[in-house]
Amino acid sequence: MTPLLVIPARMASTRLPGKPLAMIGDAPMIVQVWRRACEAALGPVVVACAEREIAAAIEAAGGEAVLTRPDHPSGSDRIFEAISTRDPAGRHDVVVNVQGDLPLIDPTVIRASLLPLADAAVDIATLAVPIEDEAELASPSVVKIAAGFAPGATIARALYFSRAPIPSGAGAHYHHIGLYAYRRAALERFVALPPSPLEQRESLEQLRALEAGMRIDVALVDTLPFGVDTPADLARARQLMAERFPAKPA
């Protein structure tokens, strides 16, 4: 596999406008995410952005950005435009979509996204972590995966995604981490599909792929990346960043 890592970013966040450029530690959030993706050492890292100011921040840090249309309905559409511009010849056969609001993501978690693609039958790979908090299980903001992990296994086929607690009955439940590794052909097919009925009902675009018969496998990881969606999350991310990377004495 020859992966290309793409981080979609736009300024128009509903709950935290301008969040890609919010400072966390010594750099804007989008730069922190770019650093974590580079630390994964899987391949080139590109930020697919809707605004020039995001591109400027990445370029000032020494990174690469691709400007995209501002009106894309999803990050998947944005990264597809970016790879079409950045790699028109198709040298990269896998595209890893790293969400732009995960400034503290462990690079090993990013690397784990490629593991399911060792099976040639898998179109899209993603990640999950076991749910240990009952409040998470009940929360509609936490996306759950129905996947039957065999004893001791860390990769399984994703059968469904939902905001509801699934599956029913006793047993483990899994919190979906919205990071995807697409085979390039699968991404091209996915963005060409119209929104599907279950996707619209659950507001989960990965259901479009399942309804179209595409195979998604999920790898289990140990750590749930901290995502930034609100001002409170931003304050917490700043605290966690300060703990992880203490300021050096003058």
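The values are calculated or read from the model by the stated rules, or taken from the named source; none is laboratory data. Small disclaimer: the values here were computed from a predicted structure and weren't measured. Positions of Cβ are generated from backbone atoms using ideal geometry, with glycine treated the same way; all protein chains shown enter the neighbour counts. Protein only, heavy atoms only, side chains kept; ligands, DNA and RNA dropped before computing areas. Shrake-Rupley method; radii C 1.70, N 1.55, O 1.52, S 1.80 Å.
Descriptive notes on the structure:
- Largest to smallest accessible area among Arg69, Arg215 [probe 1.4 Å]: Arg69, Arg215
- For the range 41-112, the list of trypsin sites (Lys or Arg not before Pro) that fall in a loop by DSSP and count at most 13 other C-beta atoms within 10 angstrom reads Arg91.
- Mean separation of Cα pairs under 8 Å and 6 or more residues apart, divided by the residue count, gives the range 121-223 a relative contact order of 43 percent.
- Computed Rg/Rh of the range 101-250, alpha carbon atoms with Kirkwood Rh: 1.00
- If the segment from Ala41 to Arg201 were pulled out straight at 0.36 nm per residue, it would be longer than the present Cα-Cα gap by 53.9 nm.
- Largest first, the three principal axis extents of the alpha carbons in the range 1-125 are 40, 28, 28 Å in whole numbers.
- The calculated FRET efficiency for the pair Glu132 and Ala192, based on their C-beta separation and a Förster distance of 25 Å, comes to about 0.05.
- Size estimate for the chain follows the Kirkwood approach: the inverse of mean 1/r over distinct Cα pairs works out to 18.6 Å.
- Label-point separation, Met23 to Ala170 (7 Å along Cα→Cβ), nm: 5.4
- About its Cα centre, the dipole of the chain is roughly 240 debye, where the only charges are +1 on Lys and Arg Cβ and -1 on Asp and Glu Cβ.
- Where labels lie 7 Å past Cα in the beta-carbon direction, separation of Arg244 and Ala150 in nm: 3.4
- Ellipticity estimate at 222 nm from DSSP helix runs (n ≥ 4, -39,500 (n - 2.57)) divided over the chain, nearest 500: -8500 deg cm²/dmol
- Take every pair of alpha-carbon atoms less than 8 Å apart whose residues are at least six positions apart; their mean separation over the length of the chain yields a relative contact order of 22 percent.
- Heavy-atom accessible area per residue - the chain, 1.4 Å, Å²: 46
- Of all accessible heavy-atom area on the chain, the percent that carbon and sulfur account for (1.4 Å): 55
- 17 Å reach of a label modelled at Ala185, 7 Å along Cα-to-Cβ, counting backbone N of the range 78-120: 89-95, 117-120
- Gyration tensor verdict on the range 45-90 (Cα atoms; rounded if a/c is under 1.5, prolate if a/b is larger than b/c, oblate otherwise): oblate
- Shown are Asp77, Asp93, Asp87, Asp26, whose ranking by accessible area with a 1.4 Å probe and every protein chain present, most to least, is Asp26, Asp93, Asp77, Asp87.
- Long-range HN-HN contacts of Val94 with modeled amide H, under 5 Å: Thr2, Leu4, Arg184
- Going by accessible surface with a 1.4 Å probe and the largest first, Met11, Met241 read Met11, Met241.
- Once the Cβ-Cβ distance of Asp222 and Ser74 is raised to the sixth power relative to R0 = 22 Å, the FRET efficiency obtained is 0.20.
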